[in-house]
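Presented below is the structure to which this report refers.
The values are calculated or read from the model by the stated rules, or taken from the named source; none is laboratory data. Everything numeric here is computed off the predicted structure, so don't read it as measured data. Backbone-built Cβ (ideal geometry, glycine too); neighbour counts: all protein chains shown.
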Amino acid sequence: MTIKGKAYIAGIYEHPTRHAPDKSTAQLHAEVAKGAIEDAGISKDDVDGYFCAGDAPGGAWPMVDYLGLNTKKLRHIDSTETGGCSYIIHLGHAAEAIAAGKCSIALVTLAGKPRTGVMPPRAAGAEADFESAYGATTHNAYGMCAMRHMHDYGTTSEQLAWIKVAASHHAQYNPHAMLKDVVTVEDVLNSPMISDPLHRMDCCVVSDGGGALIVTTPEIAKSLKKPQVRLIGHGEAMKGPRGGKDLDLTYSAGVWSGPRAFEEAGITPKDIKYASIYDSFTITVLMQLEDLGFCKKGEGGKFVADGNLISGVGKLPFNTDGGGLCSNHPVNRGGMTKILEAVRQLRGEAHPKVQVKNCDLAIAHGTGGLLGVRHAASTAILERV
Amino acid sequence: MSEAKKYPTPVTNPETAAFWDAAKEGRFMIKRCTACGEAHYFPRSICPFCYSDKTVWEQASGEGTIYTYSLMRKSPTGPYAIGYVTLKEGPSVQTNFVDCDLEKLKIGQKVKVVFKATDGAPLPFFTMA
């Protein structure tokens, strides 16, 4: 049993807002749902599967009601919550449901407003008494990974900075990007230290906004007008300190989700023309590239240096919308936007200055939670038909 | 700044109460499985490695080395350093480094446990040995 080729992404929408003081979180969900439904050219009454994560106010049942989905038709609901990669997992689960005949048109929504509202609370696990006092945040949890990666492999701040430099080269062409200025390695190194060894420019932006997907059957996708993009491989995984045995923060759960996705797709990293890689921090990208097999473990620093991730310049164009480092990071959850830009690349709808030529195979990969503590990862491999 | 920091009181539960009772006496406990011999942290009743329920409390030396750390330069309560310490007994534990020059932290540095008061049981932290 495989989901290879059994589900297509027929509709996408990214909210243009990065700052939404005049909107509610539910409203943003509705706006992205409407956008994706219109992009696909279907009716909201056709939707028979709904997927959302922890950013959806109240969870699935208030959202289904608020969005006015057709409850006589809706027959598959999934509110898997794995932080920023939830939506990449949703994409895989939607494909599974479609392949099993459990739904035929799935809607996935993400939206929220960390800049102008409140963030949804994160529930505490069994570790709470033994960890919560120590103040793990995204900055320092990823800082701990970077510190150990530098220690074990000689990775440098200059190498990490190249990731931000590449993102900024792409963001200059995105009219919606929060940070449109092209920056240099020196700019990154001269930005204030936030949590060693990560500088301010090693960190992503905080933005309001959201995005949505329509996932459907091959038959329905072929009846619609948009260029056809299908899912051919998918993987998901989790990693944590696991009792503190053999702790190794230099790799992520991507070492498991990636190979699962590539195996299902029947391709290798060398075949990928465009990569959407979750960039909560520069170190996130470097570790994911290694974990996914674009280079060997420990060689990520060399791989990303000298513009290798810049479209038209390097071998692996990444995050051509400017990514979380420069464009947006709705609700501090970057998985959705990773899928959206991959689909735009495969459709040929990316900005002409960053559009990858003959882009027929792309990867969208994300992590959720804290890489330095416990997290999930999910990998989707997408193909233009 | 760090003296003024107020730490949250452990909630505790039946599975972990013995840890916090020992902490009140200045003892740092880990759990060890008598079936597979592995030690783990934070404490569970079922061994996370072999799923045996034959886990026992063991007083740890409180000594270890820094596996990694990150110095958070700003926060509402001032700078702080978070990290993991690999205990002499094996498991790595998440902690903050306290009562030492945070600029001098480095991977491999030897550290030892210190307890800090809360409104309930004290919390374990680490400082340079």
Test: residue in the stretch A:188-207 that is in contact (Cβ under 8 Å) with a residue 60 or more places away in the chain and closer than 30 Å to A:Ser43 by Cα: yes
For the stretch A:270-298, which residues satisfy the criterion of being assigned to a loop (DSSP other than H, G, I, E, B) and free of Cβ contacts under 8 Å to residues at least 24 places away in the same chain? A:Cys295, A:Lys296
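Out of the residues in the stretch B:51-74 meeting the condition of being over 26 Å from B:Gly26 (Cα atoms) and of a type in the set (Gly, Ala, Ser), tell me which one is farthest from the other protein chains (Cβ to nearest Cβ).
Initial filter on the stretch B:51-74 (over 26 Å from B:Gly26 (Cα atoms)): B:51-53, B:70-74.
Subset that is of a type in the set (Gly, Ala, Ser): B:52, B:70.
Values: B:Ser52: 13, B:Ser70: 3 Å.
Of everything passing the filter in the stretch B:51-74, B:Ser52 is farthest from the other protein chains (Cβ to nearest Cβ).
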Residue check, A:Asp181 away from chain B (no Cβ under 14 Å), within 28 Å of A:Ala20 (Cβ to Cβ), acidic (Asp, Glu) and free of Cβ contacts under 8 Å to residues at least 40 places away in the same chain: yes
Output the number of residues of the stretch A:173-203 satisfying the condition of being crowded, with 17+ Cβ neighbours inside 10 Å and in a loop (DSSP other than H, G, I, E, B). 10
Which of (1) surrounded by fewer than 16 Cβ atoms within 10 Å (Cβ to Cβ); (2) in contact with a strand residue (DSSP E or B) (Cβ under 7 Å, 6 or more places away or on another chain) does B:Glu103 not meet, given it meets every other one? (2)
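Would you pick out the residues in the stretch B:91-103 that are of a type outside the set (A, V, I, L, M, F, W, C), out of contact with any Asp or Glu (no Cβ under 7 Å at 6 or more places or on another chain) and within 7 Å of chain A (Cβ to nearest Cβ)? Before you say what the answer is, go through the steps one by one.
To start, the set of residues in the stretch B:91-103 that are of a type outside the set (A, V, I, L, M, F, W, C) comprises B:91-92, B:94-96, B:99, B:101, B:103.
Still in the list and also out of contact with any Asp or Glu (no Cβ under 7 Å at 6 or more places or on another chain): B:91-92, B:95-96, B:99, B:101, B:103.
Listed by number, the residues that qualify are B:Pro91, B:Ser92, B:Thr95, B:Asn96.
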Can you pull out every residue in the stretch A:187-213 that is more than 14 Å from every other protein chain (Cβ to nearest Cβ) and over 15 Å from the mean Cα position of the chain (by Cα)? A:Asp187, A:Val188, A:Leu189, A:Asn190, A:Met201, A:Asp208
Top-ranked residue of the stretch B:75-87 - restricted to ones that are more than 8 Å from chain A (Cβ to nearest Cβ) and more than 11 Å from the chain's Cα centre (by Cα), ranked as nearest to A:Asp246 (Cα to Cα): B:Ala81
Can you tell me which condition A:Ser132 does not meet? The list is (1) of a type in the set (S, T, N, Q); (2) part of a helix (DSSP H, G or I); (3) in contact with a strand residue (DSSP E or B) (Cβ under 8 Å, 6 or more places away or on another chain), and all the others hold. (3)
Could you go through the stretch A:298-319 and let me know if any residue there is among the acidic types (Asp, Glu), in the same structural domain as A:Met150 (by TED's automatic domain parsing), at positive phi and out of contact with any Leu (no Cβ under 8 Å at 6 or more places or on another chain). yes
Counting residues that are in contact (Cβ under 8 Å) with a residue 40 or more places away in the chain, which helices (runs of 4 or more DSSP H) fully inside the stretch A:1-106 reach at least 3? A:25-40, A:86-99
